[in-house]
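Here the structure is laid out as structure tokens; the discussion comes afterwards.
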Amino acid sequence: MRHLIDPMDLSVEEIDGLLKLADDIIASPDKYANACARKKLATLFFEPSTRTRLSFEAAMLELGGSVLGFSSADSSSATKGESVADTVKVVSCYADIIAMRHPKEGAPCLASMKSDSPIINAGDGGHNHPTQTLTDILTIWREKGRLTDMTIGCCGDLKFGRTVHSLIKAMSRYANIRFILISPEELEIPDYLKEEVFGEGGLEYIKARKLDDVIDQLDVLYMTRVQRERFFNEADYIRLKDTYILDMKKLKHAKKDLSILHPLPRVNEISVEVDDDPRACYFRQALNGKYIRMALILTMLGLAKGEMN
Ligand code: NCD
């Protein structure tokens with residue numbers, strides 16, 4: 001049984017298979033309408049979510065399967081003091097596959113050791129978010145037609161933003177990728193990532209403090225929200241929250257074929273005026289999240305050709 005805890009749990013070939021399957025689902029959704037008949041997905045969300053949980057649920061429903069679960073820790077036995085391990089052990093008796101989000105780093109990994117069904121990490125604290133990364137990769141692939149030879153700017157909260165951590169790791173395996181990491185000093189990527197991905201002989205990256213200084217070099221701009229819930233102190237959040245705001249004035253200097261991604265939710269970091277620019281991909285990206293999760297569920301349940309095993 002395979003789980004998906006870290007984006008590196010998937011090989012580049014497996015990601016390629018998921019992208020192709022997602023493309024086929026987009027082209028011929030009817031072919032897959034009953035593919036998961038009688039299968040159940042449980043969504044265990046100990047932390048708030050809109051897109052991730054609902055796109056997982058929509059994905060399973062569009063595959064003809066059913067969904068069960070909870071959308072906040074308050075409505076689960078966690079409030080009675082039940083451990084994550086026990087909750088998952090029990091839910092894996094009811095569901096064929098489980099998507100789980102938890103505020104503590106490592107909780108889905110621990111759950112995977114106890115579960116009798118495959119676990120998908122739907123976000124663990126400030127650590128990883130592999131299915132957002134699959135969504136991002138599908139979006140880059142569909143928008144750009146390639147996953148190699150590009151400069152990707154990640155902007156905002158690179159310290160606590162788990163989507164950035166997972167994206168950097170996953171993209172580090174494609175040829176000729178250069179990262180520009182744009183953040184205030186306090187919100188730079190964690191040291192372990194600097195060592196793992198950008199260490200000696202690793203990927204090339206440039207550090208920047210101002211989006212204006214580098215925006216003209218970017219093929220992809222990945223904007224992120226400052227992760228309020230992970231700050232120790234509200235005053236620091238307030239000081240840093242509006243460091244970067246992408247607006248049409250800033251975009252004047254960007255490439256004509258720039259792709260602007262954002263995992264969403266956005267707070268202030270992209271002005272609404274940018275939404276109508278063809279370079280804004282974030283709502284298409286949210287839709288891609290459903291298709292790649294359909295591909296992932298099919299594959300992890302062994303219902304796709306060339307499945308993970
Ligand atoms: C992200 C997350 O939960 O990490 N949201 C999402 O899943 N699309 C990004 C965020 O909350 O800022």
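Per the conditions (1) touching a strand residue (DSSP E or B) at 6+ places or on another chain (Cβ under 9 Å); (2) open to solvent by less than 60 Å² (accessible area, probe 1.4 Å), the sole criterion not satisfied by residue 83 is (1). Residues in the range 254-268 that are over 18 Å from the mean Cα position of the chain (by Cα) and crowded, with 17+ Cβ neighbours inside 10 Å: 254, 258.
The set of residues from the range 102-117 being within 12 Å of the ligand (Cβ to nearest atom) and either part of a loop (DSSP other than H, G, I, E, B) or at pLDDT below 95 (or both) comprises just one member, 103.
Put simply, of 31, 40 the only residue that is over 24 Å from the mean Cα position of the chain (by Cα) and open to solvent by 10 Å² or more (accessible area, probe 1.4 Å) is 31.
Just so you know, in the range 145-157 the residues that are out of contact with any helix residue (DSSP H, G or I) (no Cβ under 6 Å at 6 or more places or on another chain) and farther than 17 Å from residue 215 by Cβ include one that is least open to solvent (accessible area, probe 1.4 Å), and it is 148.
Taking the range 87-112, which residues are in contact (Cβ under 8 Å) with a residue 24 or more places away in the chain and either loosely packed, with under 14 Cβ neighbours inside 10 Å or charged (D, E, K, R) (or both)? Working first, answer last.
Quick first cut of the range 87-112, residues in contact (Cβ under 8 Å) with a residue 24 or more places away in the chain only: 87-89, 91-92, 94-103, 107-112.
The answer is 89, 94, 96, 101.
Exactly one residue out of 237, 222 is among the hydroxyl-bearing types (Ser, Thr, Tyr), in contact with a helix residue (DSSP H, G or I) (Cβ under 8 Å, 6 or more places away or on another chain) and surrounded by fewer than 20 Cβ atoms within 10 Å (Cβ to Cβ), and it is 237. Residues that are of a type outside the set (S, T, N, Q) and under 27 Å from residue 262 (Cα atoms) do occur in the range 30-41.
The values are calculated or read from the model by the stated rules, or taken from the named source; none is laboratory data. Just so you know, these numbers come straight off a predicted model, no measurement behind them. Glycine gets a Cβ as well: all are built from the backbone with ideal geometry, and neighbour counts include every protein chain shown. For the accessible areas, the whole protein counts, side chains as well, though only heavy atoms, and no ligand, DNA or RNA atoms are used. Shrake-Rupley method; radii C 1.70, N 1.55, O 1.52, S 1.80 Å.
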